[in-house]
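Novice: I'd like to ask some things about the structure below.
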Amino acid sequence: MATHVLHPTGRRRKATRLDEHLPVDHRLSQVYRVGAGLAGLFLLAFGILGLIDRIGFFDTGGDTVAGLNTNGALSVLSICVGMLLFVGMVIGGNFASTLNMFLGIAFILSGFVNLALLDTGLNFLAFQMQNVLFSFAIGLLLMMFGMYGRVSGGLPHDNPYWRARHPEQVTLEERRRRAPMPEVTRERP
């Protein structure tokens, strides 16, 4: 393969992947866990309250829980996604971050799909406009929690994702840190 054309120095640049390894105790893991836990808690509560009301599974009668329209199918779906987010919270790390990003995108896509299905016979989840807006909001929130510390222009230099994207700079900074400090001598008057 003609990689010398793309990389004239002969060195290949390491491709940055979103699944780079984070140390188990890295502080970013707490952000991913909190985001997954809060969203999961709300979805679980919403789903359980919807099931307690004994609403029909595909009922589109306009039953509300916490200001959002619901039916049995949406309640069960909310419980499943909430449990998945709790699993992400327990595991933490890159899994929680990737899960938050994936589910955030899924919520945004769900908002668009259900917006198109409003007032049609295909609206099996009994979505109304407030549900669509909630779907967009929780999607953006989950994406923010998932991307926090991974996707930014101003990542600190100790961030593992910054280090993976700038290996030459990391090597240079490590050399500078290991180099002995020159002694500063003061002249006596």
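The values are calculated or read from the model by the stated rules, or taken from the named source; none is laboratory data. As the structure is a computational prediction, the values presented were derived from the model and not from experiment. Cβ atoms come from the backbone with ideal geometry, glycine included; neighbour counts cover every protein chain shown. Only protein heavy atoms, including side chains, enter the accessible area calculation; ligands, DNA and RNA are left aside. Shrake-Rupley method; radii C 1.70, N 1.55, O 1.52, S 1.80 Å.
Novice: Rank by packing, highest mean first: peptides 66-73, 105-112, 34-41, 116-123, with packing defined as the count of other Cβ atoms within 10 Å averaged across residues.
Specialist: The packing order, highest mean first, is 34-41, 66-73, 105-112, 116-123.
Novice: Leaving out ligands, DNA and RNA, and with a 1.4 Å probe, what % of the accessible surface on the range 84-146 is carbon or sulfur?
Specialist: Accessible surface attributable to carbon and sulfur in the range 84-146 totals 84 percent.
Novice: Roughly speaking, what is the stretch gain from Phe136 to Arg175, that is 0.36 nm per residue apart minus the C-alpha to C-alpha distance, in nm to one decimal?
Specialist: Separation in residues times 0.36 nm, less the Cα-Cα distance, equals 9.4 nm.
Novice: Under a 5 Å amide H to amide H cut-off, with H placed in plane at 1.01 Å, what residues pair with Val65 once short-range neighbours are removed?
Specialist: Thr70
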